[in-house]
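Derivation of every value follows stated rules applied to the coordinates shown; laboratory data play no part. Remember, it's a predicted structure, so these values are computed and weren't measured experimentally. For neighbour counting, all protein chains shown are included, and Cβ atoms are generated from backbone atoms with ideal geometry for every residue, glycine included.
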Amino acid sequence: MTWMSWLSLCAICVAGAVSPGPSLAVVLQHTLGGGCRHGMLTGVFHALGVALWALVTVAGLSVLILGSEGLYRLVTLAGAAYLAWLGVKALRSSGTGALRAQASVPASALQASRDGFMISLLNPKLAVFFLALFSQFVTPGMSLAGQALMIATAGVIDGLWYCLVALFLSRTRVLAWLARRARIIDRATGVILLLVALRVVQLQA
């Protein structure tokens, strides 16, 4: 994997993590209800679920490349189309909804960890997203180190973002800051996804 490819992957992972969604709502809920520690636990275990999806996806794509080049090319183009659709959807988003988390009865640390892991593990959209995303970066002959780098990048970026949210939310008004900029975040995410999809189509042409 080249540095430019890795930086592109990082940009999409950051945009995906920062974009408001159900995972952010769960982290916010546990932070507001149980404090910074609970919020960070939720974020860390959410990242473990993300890394697991990334591992399964990269492994599956590697097998697919070895089995059928034509089928892999079809999956790559389908993935580009899905990323483009997500990009358009993000550009049209109103930027509201997921940031309306409210403090609840404090849960235990185990419950916070479980909720963080399960919200990512049981999210079918993550499976589709990673299939679409990683099909743009997994290449024939990619080393195990390159595959491990992709998996680690997705998990670490996700975990760092949600830990930062929990850390700063427990001290400042980050929720209000995110709410004011949710539309901008969605727009930036949309542009990045569309650019990646366009790049893939150009390479496959």
Going by C-beta contacts inside 10 Å, put I192, I184 in order with the fewest on the left.
I184, I192
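Within a 10 angstrom radius of the beta carbon, how do L83, L32 rank from fewest other beta carbons to most?
If I rank by nearby Cβ atoms, fewest first, I get L32, L83.
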Provide the gained length on full extension for the span A78 to L91, in nm with one decimal, where the gain is 0.36 nm per separating residue minus the Cα-Cα distance.
2.7 nm
Net charge near V50, counting Lys/Arg +1 and Asp/Glu -1 over other residues with Cβ under 15 Å of its Cβ?
-1
H38, H30 arranged by Cβ crowding within 10 Å, fewest neighbours leading:
H38, H30
With r as the distance between the Cβ atoms of I184 and L149 and R0 = 22 Å, compute the FRET efficiency 1/(1 + (r/R0)^6) and round to 0.05.
0.15
Efficiency by 1/(1 + (r/R0)^6): what FRET value for V156 and V201, r their Cβ-Cβ distance, R0 = 30 Å, to the nearest 0.05?
0.55
Report the gain in length on full extension from W6 to M118: 0.36 nm times residue separation, minus Cα-Cα distance, nm rounded to one decimal.
37.6 nm
